[in-house]
Structures are given as structure tokens and as C-alpha cells.
Amino acid sequence: MNDSGRAGLISGTGEEGQGIALRLAAAGNPVAIGSRSAERARQQALEINQQIGDEIVRGMSNHELIAACEILILTVPWIHSQQVITEYQEELSADQILVDVTVPIVFDKGPRLVDLGEQSGSEHLQSILPSGPAVVAAFKTLPAHLLCDLDTPLDCDEFVCSDSSEAKSRVLELVGTIHRLRWIDAGPLRYSRSLEAITLLEIGLNQRYRVKNSRIQMVGLEEPEKGS
Ligand SMILES: NC(=O)c1ccc[n+]([C@@H]2O[C@H](COP(=O)([O-])OP(=O)(O)OC[C@H]3O[C@@H](n4cnc5c(N)ncnc54)[C@H](OP(=O)(O)O)[C@@H]3O)[C@@H](O)[C@H]2O)c1
């Protein structure tokens, strides 16, 4: 199977994966949803295709997806991410791009960031893939609930970090297809640490204000108008 133009979500069957798949597919991008269970992935793909009235999403096992897609989007809970990447490591190649959506947050007496020393979760993943795909951090601050609600416009920003400018450009190009979502090149992978902290802030605000969709928009990044 060669589906290299298709963005593939590794275990994209959770709420965040479903939301990203939905928004990408609604923008006309071919998408693959992967899962440890191919049947679960096919069911999820069917539901998204029905929702958008197209046949643009395919469901398959994570193994098939990794063999087929060039851009792989990792949407498993962070606590399992290392084990998942280790399991599929031999199947990944340096020609692929791994988009890391995971956020190293655990919930004990409330949400908190896992202490990874100086590293972000994304740098941690990159360090266990020294000769594998370039890791790009993206979608970390976009709430699943918002992504899944196609009727609500994405009036927030999407921050993308990587140490590979080529991989980052490819991901920015993909993100840029999503309707009304402004992307921001947030720099090298080490800045994903800040994105992970923003997600923690959003979770805390959601709890305090009893909402589900708090999100971030930067101001002051617009090009100044000529003559001003
Ligand atoms: N939810 C949000 O609003 C949000 C926002 C920003 C970032 N994120 C990040 O996005 C990621 C996914 O979030 P989510 O809420 O969609 O997660 P989730 O629903 O809890 O899990 C996503 C998928 O991960 C797979 N999975 C679950 N347990 C696993 C295990 N023990 N081993 C291997 N795979 C397992 C399952 O897929 P299969 O069983 O089908 O393989 C599951 O459908 C997380 O890292 C989260 O930090 C979430």
C-alpha cells in the first residue's frame, strides 16, 4: 500500500485524533486513522466520512498506517507514547515526519506536567528516535472538544515547533489547509515545552471556569501595515 500523500494518525481513535482527522478531512486532505484495532479505525473513518459527506478518510491498523503514510500524527496519551514509539520504532524511517500531539500531563490531585528535566515531551520522543523521523510538535494547544465541533470556527492559533525546518514546513503546509486556523512557527523543538505548559493552563482554566474550549490566540504578530 502506498498512501504517502495521506496524513496518518497513530491511534487516532481518541477525541483529539478524531478532531484533527475531522478538520483535516473537512479541508480536503486525505487522512488515515490508525488504531491497535483496524476495525475500530475503520468505524471511526466511516463516521467522519459520513459527517463530511466524502470518502476521504480511511481506517487501518497502526502498522499499515506507518507503512503507508509519510506524515504520522501521534495522538496517544503521553503516558503510553514512549512504549508506542518503541513498539513501532523499527517500522519508522528517517523519510517520515512524526507530529507529536502528546502532552506530558498526569492527573493526580489535579493536572500537572511530568518532570522531564530540561526536556519537553517532544524532545524526549526525538531523543528516543535518533535516526528516525524528525519530530514536529503541533496541535498541542487545540482542545479536542473544539476540533470535533465543525460548526465552531477555529478562532485560535496553532503553534508548530521542530528542529527540522523541512519537516516543519511540510506540517505548516498541512495545518495551513485547515479552515480559518492560523499557524504560527513557534521555533525549535525546545519551545514545545512552553506549548505543553499552555495546555496545562488551558486544562486548569477549563476546570475553573467550567468550560471545555479555552484556547490561545497571540496578538502583535501581524505584519505592520505599510506607512504605519
Ligand atoms: N483531549 C484534548 O483536548 C487534547 C488536547 C491537546 C493535546 N491532547 C493530547 O492528545 C493525545 C490524545 O488525547 P485523547 O484525549 O484523544 O486520548 P485518548 O482518547 O485517551 O487516547 C487516544 C488513543 O490512544 C490509544 N491508547 C489508549 N491507551 C493506550 C495504551 N495503553 N497503549 C497504546 N495506545 C493506547 C487508543 O487508540 P487505539 O486503542 O484505537 O489504538 C485511544 O483511542 C494525548 O497525548 C493528549 O495529551 C489532547
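Values quoted throughout were computed directly from the atomic coordinates according to the rules given, and no laboratory measurement underlies them. Quantities reported herein were computed from a predicted structural model and do not represent experimental measurements. With ideal geometry, Cβ positions are generated from the backbone for all residues, glycine too; neighbour counts draw on all protein chains shown.
Using 1/(1 + (r/R0)^6) with R0 = 30 angstrom and r between the beta carbons of N213 and E166, what's the FRET efficiency to the nearest 0.05? Efficiency computed from Cβ-Cβ geometry: 0.35.
May I have the count of lysine pairs in the chain with C-alpha atoms under 25 Å apart, counting pairs 8 or more residues apart or located on different chains?
Values: K109/K140; K109/K212; K140/K168; K140/K212.
Step by step, the pairs that qualify in the chain add up to 4.
Sorting 24-34, 211-221, 164-174, 190-200 by their mean Cβ neighbour count within 10 Å, with the most densely packed peptide first, gives 24-34, 190-200, 164-174, 211-221. Cβ crowding within 10 Å ranks C161, C148 as C148, C161, fewest other Cβ atoms first.
Cβ under 15 Å from T13's Cβ, T13 left aside: what net charge do those residues give with Lys, Arg +1 and Asp, Glu -1?
On the way: positive: R36, R40, R42, R58; negative: E15, E16, E39, E47, E64.
Taking every Cβ under 15 Å from that of T13, the sum is -1.
Would the range 7-209 count as rounded, prolate or oblate if I go by the C-alpha gyration tensor, calling it rounded below 1.5 in a/c and otherwise prolate when a/b exceeds b/c, oblate otherwise? Don't skip to the end; give the middle numbers.
Details: a/c = 1.37, a/b = 1.12, b/c = 1.23.
Rounded.
Label-to-label distance, H63 versus Q83, with points set 7 angstrom from Cα along the beta-carbon direction: 1.9 nm.
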